[in-house]
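The values are calculated or read from the model by the stated rules, or taken from the named source; none is laboratory data. None of these values were measured; they are calculated from a predicted model. Every residue, glycine among them, receives a Cβ derived from its backbone with ideal geometry; neighbour counts consider all protein chains shown. Quick note on the areas: whole protein, heavy atoms, side chains included, nothing else; ligands and nucleic acids left out. Shrake-Rupley method; radii C 1.70, N 1.55, O 1.52, S 1.80 Å.
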Amino acid sequence: MFKYIKTALPFIAGAILMSAATSCSDSFFDLQPDDEVTGDKVYKTENDFELAVNACYSKLQTQMDFYIEMCEYRSDNLSLNAPTAGTQDRYDIDTFKETSANSIIDKLWENFYNGIYRCNKILDKIDGAEFDNVKKMQFKGEAMFVRALTFFNMYRAWGTVPVPRRVLTVAESLKLGRASTDEMYAYLAGDLEQIINENMLPDSYSGKDVGRATSGAAKALLAKVYLTFRQPQKAADLLRGMIGTYELLDNIADVFDVDNKMNCEVIFAVRYNKTVPGEGHGAWYSITNATDDNNRTETLKHLYDNTSDARAGLLEYVKVPGVNVHLMRKFYDTRDASTMQYGPDNILIRYADILLMYAEALNEVAFVNDRNSEALKALNSVHTRAGLPVIDIADIPSQDEFRKAVMLERQKEFPYEGHRWFDSVRLGGAKDAAAAEGKHIQDYQMLYPIPSSEIERINDQSLLWQNPGY
């Protein structure tokens, strides 16, 4: 799909510089693979910047390991009984034994900063370009959104990190230290608030542009930033305005149907197209035989016991015709005969998330012991969509019990979608969840170690230091 030009640079300046371009028909907005952004000379026209923005999205396509390894295997959803050839780093993450030399962590750190480099390149140059101001504002907002999403994932994984706000020289990158917590919040919230307040992104797109970041995506990401930084009132105020703007589909299976992509429940997804070489992906969470170990924890195996929860069926494995692969219904697709790829999108934000964040935010502001409360209505909207009876306030009669109900509902709603680990950290249930699986973790393990390669490269503990405990 995208054509890459690789140049070795330090981690902030763009560990692996990939100036990219191009296309597909279903994802990345119907471009043709006939051009590439190669450097400063072409950052001038609207088409140049469109290709450059698409390259920012393309980097998101390469980050599925973050959601699988650092989110799902870190959580109480998935686990390895023992390492096998090629899975030692995953096993270490799963068992909270990872070190700063873990290759999964190292590669994702590098990947994230390369994505940030791509966004910064656009933001550095776009104000000096001459083309339609509305389109220029949109491209700028898209680059800011992708950058904020990337920095937010880094913050959740490592805590504070260096935050380059422009393209840096090699010398500059070696002198940029970790931001403070207040600075991280100001950068993340500030960019997303600017996108929203200045109406940089449209509410929706049509045709080939469907899938680009919208104002709703920026609001949803900002709300999660607010919750993560303990600003529940701001989150509640923002999310209240989103209630009713999107819809819960009656049948949750329809949300993930590959023939129903970007439906009215999906707010932001990383797009894929299996029919275009390089724009599809492998078989996520696949097994060869129906009897193979699928690495589910005892918690996940019994998550839907004794209920008629419609979400349970999404985790059933189905044989893919013509290949020795079984896929979950949630990510089911047939393999393209030409490209040998699969094409489900990686849905990062959907309306169920908005409703459950709203319930969480309201409860964190103040618990309301009322069956007609906004928080309980939001929680029940997701719960009853799964075919379950309403939750009565008498069953969750305190703020802590309500919080636990939200955390459980999120686990049932989003398995394999990369939410569980950070949900349990944010809502305070990570230690209990790990203990239920026989794993005992300490506070410092809510964060990952900074890659040793980066600490050695900077070689200045006052700028880039290791997270305590590692």
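Structure notes:
- Screening Val276 against (1) open to solvent by less than 40 Å² (accessible area, probe 1.4 Å); (2) part of a loop (DSSP other than H, G, I, E, B); (3) under 28 Å from Met137 (Cβ atoms); (4) in contact (Cβ under 8 Å) with a residue 60 or more places away in the chain leaves a single unmet condition, (3).
- When the range 279-295 is limited to residues that are in contact (Cβ under 8 Å) with a residue 40 or more places away in the chain and open to solvent by 40 Å² or more (accessible area, probe 1.4 Å), the one that is nearest to the chain's Cα centre (by Cα) turns out to be Gly282.
- Test: residue in the range 188-199 that is of a type in the set (D, E, K, R), touching a residue at least 60 places away in the same chain (Cβ under 8 Å) and assigned to a loop (DSSP other than H, G, I, E, B): yes
- Scanning the range 78-104 for residues that are surrounded by 13 or more Cβ atoms within 10 Å (Cβ to Cβ) and under 16 Å from Asp292 (Cβ atoms) yields Leu78, Ser79, Leu80, Thr87.
- Thr160 meets each of the listed conditions (1) part of a loop (DSSP other than H, G, I, E, B); (2) touching a residue at least 40 places away in the same chain (Cβ under 8 Å) apart from (2).
- Selected residue (only one of Asn369, Asn363 is open to solvent by less than 10 Å² (accessible area, probe 1.4 Å), of a type outside the set (A, V, I, L, M, F, W, C) and in contact with a Pro (Cβ under 9 Å, 6 or more places away or on another chain)): Asn363
- Residue check for Glu142: among the acidic types (Asp, Glu), open to solvent by less than 10 Å² (accessible area, probe 1.4 Å), farther than 21 Å from Lys431 by Cα and in contact with a helix residue (DSSP H, G or I) (Cβ under 8 Å, 6 or more places away or on another chain): yes
- Pair list, Cβ < 9 Å and 6+ apart or interchain, from the range 373-400 residues that are closer than 23 Å to Ala312 by Cα and in contact (Cβ under 8 Å) with a residue 60 or more places away in the chain to residues that are of a type in the set (Val, Ile, Thr) and open to solvent by less than 20 Å² (accessible area, probe 1.4 Å): Ala378/Ile354; Arg385/Ile252; Ala386/Ile252
- Members of the range 412-422 found to be crowded, with 21+ Cβ neighbours inside 10 Å and either of a type in the set (Lys, Arg) or assigned to a helix (DSSP H, G or I) (or both), listed by number: Glu413, Arg420, Trp421, Phe422
- Matching residues, the range 438-456, being of a type in the set (D, E, K, R) and surrounded by fewer than 16 Cβ atoms within 10 Å (Cβ to Cβ): Asp443, Glu456
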